[in-house]
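Q: Quick one: the structure is below, questions incoming.
Coordinate-derived values only; no laboratory data. Bear in mind the structure is a predicted one, so any value in this text is a computation, not a measurement. For neighbour counting, all protein chains shown are included, and Cβ atoms are generated from backbone atoms with ideal geometry for every residue, glycine included.
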Amino acid sequence: MSHATDTVDIREIVARTVAKTPVTDLHTHLYAPAFGPLLLWGVDEMLTYHYLAAELLRVSNMPYDAYWALPRKQQAELVWRELFIERSPVGEACRGVLTALDRLGLDVSERDLDAYRTYFADQRPEDHVDTVLKTANLKCVVMTNDLFDASERPVWLKGFDGDKRFHAALRLDGLLNDWGRACPAMREWGYDVEPNLGLKTLGEVRRFLDEWILRMDALYMAASFPPDFAFPEDSPRGRLIESCVLPAGRDNGVPFAMMIGVKRNVNPALKLAADGVGLSNVDVVARLCADYPDNRFMVTMLARENQHELCVAARKFRNLLLFGCWWFLNNPSLIEEMTRMRMELLGLSFVPQHSDARVLEQVIYKWEHSRASVAKVLSSKYADLVATGWQVTESEIARDATRLLDRNFWDFLGRS
């Protein structure tokens with residue numbers, strides 16, 4: 001039995017082990033190749049991702065509308081020039097582009113955008129997905145599947161027969177946060193619903209959820225909520241959650257994932273980059289966990305200031321799984337801080353990260369950078385154990401890494 005006996009040994013072993021442990025990426029905005037143009041990939045998509053658009057529009061004098069009116073290729077060239085050539089690309093989103101290009105075998109020292117475009121133009125989506133997932137060492141990813149997206153629903157209706165690399169999650173934002181638009185859409189699809197959410201309508205919404213959980217084999221239902229999210233609540237959202245989502249989750253054995261704390265359209269001129277962050281109420285999560293013990297909840301919050309209270313709540317409810325460092329928290333300094341706190345309060349009973357990737361190649365950098373942060377925290381905790389005289393074996397390190405990066409999620413779902 002091999003033991004890690006000193007700090008140097010531990011760091012090296014943990015870094016190596018975490019790097020080679022396959023990951024289940026439990027929340028992405030990626031799609032299987034069968035969804036066609038919904039799968040975003042390539043250097044222009046990386047460069048025009050809304051994180052970089054926001055960073056560009058801080059330093060450019062170009063009017064917002066003028067930027068958005070540019071063809072994607074020209075947007076990408078502007079981002080490349082302003083953020084990579086005229087300035088050093090030290091921001092995390094910029095560094096991520098370079099990490100992804102480098103790990104795919106491209107020479108970032110050449111700074112040759114045309115050469116990078118040529119590489120991606122030569123790829124077949126199906127093969128490229130395999131390359132990227134292998135490079136990132138991902139076992140599989142979970143999509144975000146929004147039935148109110150007119151581009152996505154037809155793929156399911158035509159009989160998408162699955163892809164072992166991509167699992168489904170039923171996204172409910174359109175249903176819960178905009179019932180006024182969801183209601184007529186559901187009527188068009190054959191559900192006998194009315195705006196007033198009477199018993200018949202609630203029964204039809206429940207039928208909709210049951211049918212689509214089964215059709216997709218959805219691993220969980222999910223929705224993002226604003227900082228003022230409340231439950232119980234006398235609103236369409238509150239009634240739909242109480243009468244439809246929670247019963248469907250309980251009876252179908254699927255968790256309800258809540259991503260809480262996003263302020264929509266803080267600066268509408270930024271379009272996809274317009275959203276901000278606000279402080280949320282952790283008591284809402286605790287109340288749900290206490291009042292619905294037969295349901296399981298997966299939660300991540302956007303505000304750094306919410307993390308400690310949320311972590312304490314997770315100590316009290318085993319039907320609550322904390323996951324990831326979402327959106328504005330997906331930066332190495334904050335990932336390390338949050339992972340350290342969670343580990344100190346929850347041991348190994350959480351999921352430290354998800355990529356939230358919208359562009360395929362982002363999983364390469366998001367997971368490489370996150371693995372480094374997770375390994376740093378984990379090795380420091382093992383060093384603390386060794387200092388007490390407790391011996392840590394390499395097999396135990398491998399076991400723990402597998403729990404954090406893969407098994408905790410599947411065990412919470414109750415799936416092998």
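Q: With charges set only on the Cβ (+1 for Lys and Arg, -1 for Asp and Glu), what does the dipole of the chain come to about its Cα centre, in debye to the nearest 20?
A: 460 debye
Q: Please report Cys311, Cys140, Cys94 as a ranked list, fewest other C-beta atoms within 10 angstrom at the top and most at the bottom.
A: Cys140, Cys311, Cys94
Q: Around Asn281, with a cut-off of 11 angstrom between Cβ atoms, what is the net charge of the other residues, counting Lys and Arg +1 and Asp and Glu -1?
A: -2
Q: Which whole-number percent gives the relative contact order of the chain, counting Cα pairs below 8 Å spaced six or more residues apart?
A: Relative contact order, the chain: 24 percent.
Q: How far apart, in nm, are the 7 Å Cα→Cβ label points at Ser151 and Ala230?
A: Taking the simple label geometry, Ser151 and Ala230 are separated by 3.6 nm.
Q: Between Gln353 and residues 5 or more places away or on another chain, which pairs have amide H atoms under 5 Å apart, with H built 1.01 Å from N, and which residues are they?
A: It is Gly324, by chain and number.
Q: So for the pair Ser333, Ser380, with labels modelled 7 Å out along Cα→Cβ, what separation do we get in nm?
A: 1.4 nm
Q: What residues qualify as long-range amide H neighbours of Phe231, i.e. H under 5 Å apart, gap of 5 or more or another chain, H built at 1.01 Å from N?
A: none
Q: Which FRET efficiency value, to the nearest 0.05, do you get for Thr118 and Tyr191 by plugging their Cβ-Cβ distance into 1/(1 + (r/R0)^6) with R0 = 51 Å?
A: The formula returns an efficiency of 0.60 here.
Q: Next up: Calculate the spin-label point distance for Arg16 paired with Leu272, positioning each point 7 Å from the Cα along the beta-carbon direction, and give it in nanometres.
A: 4.0 nm
Q: Over 24 Å between C-alpha atoms is what I'm after, so list which of Lys200/Lys263; Lys20/Lys376; Lys20/Lys164; Lys139/Lys366; Lys73/Lys164; Lys158/Lys271 land there.
A: Exceeds cut-off: Lys200/Lys263; Lys73/Lys164; Lys158/Lys271.
Q: Relative to the present Cα-Cα distance, how much length would full extension add between Lys158 and His50 at 0.36 nm per residue of separation?
A: Full extension of this stretch gives 35.8 nm more.
Q: What is the list of residues in region 96-115 whose amide nitrogen lies under 15 Å from a point 7 angstrom out from the Cα of Ile85, following Cα to Cβ?
A: 109-115
Q: If you plug each phi of region 341-357 into the Karplus form 6.51 cos²θ - 1.76 cosθ + 1.60 with θ = phi - 60°, what whole-Hz ³J(HN,Hα) values come out, in order, with x for Gly and Pro?
A: Residue by residue, region 341-357 yields 5, 4, 5, 5, 9, 10, x, 10, 9, 8, 10, x, 7, 9, 7, 6, 5 Hz.
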